[in-house]
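Reviewing the structure listed below.
Values in this text are rule-based calculations from the coordinates and carry no lab data. None of the values given here were measured: they were computed from a predicted structure. Reconstructed Cβ throughout: ideal geometry from the backbone, glycine too, with neighbour counts over all protein chains shown.
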Amino acid sequence: MIVFQQAGAAVLLVLLTLCLQCAGVAALIAWLRSVAASGLHDLRMFHSAALVMQTTVAVIVLHGVVILLWASCYRGLCFPSWESAFYFSASSYATVGYGDVVLPLKWRLLGPLEGMVGMLMSGISVGLLFAVVTHLVEGKSQSRLAFRSEPATAGLEVQQTTS
């Protein structure tokens, strides 16, 4: 019976995390597209820096919400205080895992799972930030990494005609 509780909690947490992350990233992409439509290439250095900072803050807030989701689960299942639950969740999500606060034996597999999920969600966020910075650096080039999808064959046609 304990295995079903653990598996149920793990599946629920991972699904909720994926929903939050996907919704948050989709909202960020929609916002970035609206900024791009209003002339992203005409941004001055200060405005470009502000855009990167705003995107970074939004990503940090998104990760904070996910950490809070896991902390609320830990608070309900394992820890008597929100401080301990949030601290454990943040250190697990960031894969720091100091070890000064540990889960009860029954729930100890949730910690490593949160670490794996945290690495994957951080990777998605880094990819988004990389796309934004790349788009700003390239200026008026043809690249539209995070803002417009193009057919995969478009690049191949160009290479074949120049060879």
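Tabulated results
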{"read-out": "Ascending count of other beta-carbon atoms within 10 Å, so fewest first, for 75, 108, 44", "value": "44, 108, 75"}
{"read-out": "Relative exposure of 138, 114, judged by other C-beta atoms within 10 Å (fewest first)", "value": "138, 114"}
{"read-out": "Footprinting exposure proxy for 57, 101 (fewest neighbouring C-beta atoms within 10 Å first)", "value": "57, 101"}
{"read-out": "Pair residue 94, residue 116: separation of 7 Å Cα→Cβ label points (nm)", "value": "2.3 nm"}
{"read-out": "Note, ³J(HN,Hα) from phi for the stretch 57-67, Karplus 6.51, -1.76, 1.60, rounded to Hz, x at Gly and Pro", "value": "4, 4, 5, 5, 4, 4, 5, x, 5, 5, 4"}
{"read-out": "Net lengthening on full extension, residue 7/residue 27 (0.36 nm per residue, minus Cα-Cα)", "value": "4.2 nm"}
